[in-house]
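In what follows, a structure is listed as structure tokens, so that the remarks can point back to it.
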Amino acid sequence: MTDTPIDTTVAHTARVWNYWLGGKDNYPIDREIGDRVKELFPEITEIAVGDRLFLRRAVTYAIQEEGIRQFLDVGTGLPTANNTHEVAQALAPESHVVYVDNDPLVLTHARALLVGHEEGRTQFVGEDLRDTEAVLKAARETLDFDKPILLTLMGTMGHFEPEAAIELVKTYVDALPAGSLLAVCDGVYSGEEGDAPDENARAGMSLWQEHVAQPYIMRTLPEFSAYFDGLDLVDPGVVSVFRWRPEPSELGSIRDLPQYAGLAKKP
């Protein structure tokens, strides 16, 4: 578990994301960088909302369509609205949820995450997700790895080089039993192979790399799709985030964003 102090002089991924989602767990430097990125790339706030929407829909699908009652949320970030345990336990109060994050500010807010439904159980694991052995060992204290689990990685894998990210995802998926689900959401250049990000996206990413503690690497569509190799994709497959099972009322207003999502089942 990390004991790294909170640095309020450098913008941090979890805090900037919290700001874009309307949260209050951020500092002036996070808001400054968040506003500068948003000026260059206004769609970023929609992307943040889209991630949370996909998380809610993936959890709902897992419960209602697959009967899953166990959830492993890796790279949790700061609590906002519709956190995994809130969505899961509202639908199935007996659900067990494990959050994983080693950010010191997230850790200070862990108690907020731990307030789950009395019939279920919620655990916070303060480990670096790269230490897969430590994470999985801690998760087994709450989750039964003989029963299906939904593993969620929301906006997390882009902080790693593509090959390292693939290896991390594979390690976690290999530890899951058959019938488990993998949900991933991250930045993708576009729906066309090899397309580069547009000028605004490039400018926003350049600013991010210069001023935020954790670098972020957008993927090509094939790189993102590789997370689901060997798994059975759930319809509609790998798509721009707002196109993943939208509500009927949303169909006329959906637009594509450089943020993709996918949900797949381990056979």
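The values are calculated or read from the model by the stated rules, or taken from the named source; none is laboratory data. Small disclaimer: the values here were computed from a predicted structure and weren't measured. Glycine gets a Cβ as well: all are built from the backbone with ideal geometry, and neighbour counts include every protein chain shown.
Of all residues in region 126-167, those being crowded, with 19+ Cβ neighbours inside 10 Å and without any contact (Cβ under 8 Å) to a residue 40 or more places away in the chain number 1.
Among the residues of region 127-150, those identified as of a type outside the set (A, V, I, L, M, F, W, C) and either at positive phi or in contact with a strand residue (DSSP E or B) (Cβ under 8 Å, 6 or more places away or on another chain) (or both) are Glu127, Glu141, Thr142, Asp144, Lys147, Pro148.
Being modelled with pLDDT under 80 and buried (at least 23 other Cβ atoms within 10 Å of the Cβ) is the filter; apply it to region 80-112 and report the residue that is farthest from Ala134 (Cα to Cα). Here the residue is Val106.
Scanning region 53-94 for residues that are in contact with a Leu (Cβ under 7 Å, 6 or more places away or on another chain) and basic (Lys, Arg) yields a count of 0.
A quick yes/no check of all residues on (1) hydroxyl-bearing (Ser, Thr, Tyr); (2) surrounded by 19 or more Cβ atoms within 10 Å (Cβ to Cβ); (3) under 23 Å from Arg243 (Cα atoms):
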residue	(1), (2), (3)
Trp17	no, yes, yes
Asp30	no, yes, no
Asp35	no, no, no
Leu40	no, no, no
Leu53	no, yes, yes
Arg56	no, no, yes
Glu66	no, no, yes
Arg69	no, yes, no
Asp73	no, yes, yes
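When region 240-267 is limited to residues that are surrounded by fewer than 17 Cβ atoms within 10 Å (Cβ to Cβ) and among the aliphatic types (A, V, I, L, M), the one that is modelled with the highest pLDDT turns out to be Ile254.
A Cβ distance below 6 Å, combined with a sequence gap of six or more or placement on separate chains, defines the contacts here; from region 1-20, residues that are within 19 Å of Val125 (Cα to Cα) reach residues that are at pLDDT below 80 in the pairs Thr4/Pro104; Ile6/Pro104; Ile6/Leu105; Thr13/Gln214; Ala14/Gly77; Ala14/Leu78; Ala14/Asp103; Ala14/Val106. Scanning region 137-182 for residues that are of a type in the set (Gly, Ala, Ser), closer than 15 Å to Glu223 by Cα and outside any helix (DSSP H, G or I) yields one hit, Gly155. Across region 46-68, which residue is modelled with the highest pLDDT among those that are among the acidic types (Asp, Glu) and in contact with a Gly (Cβ under 8 Å, 6 or more places away or on another chain)? Ranking the qualifying residues of region 46-68, first place goes to Glu66. The set of residues in region 117-169 being at pLDDT 95 or above, among the polar types (S, T, N, Q) and touching a Leu at 6+ places or on another chain (Cβ under 8 Å) consists of Thr132, Thr152.
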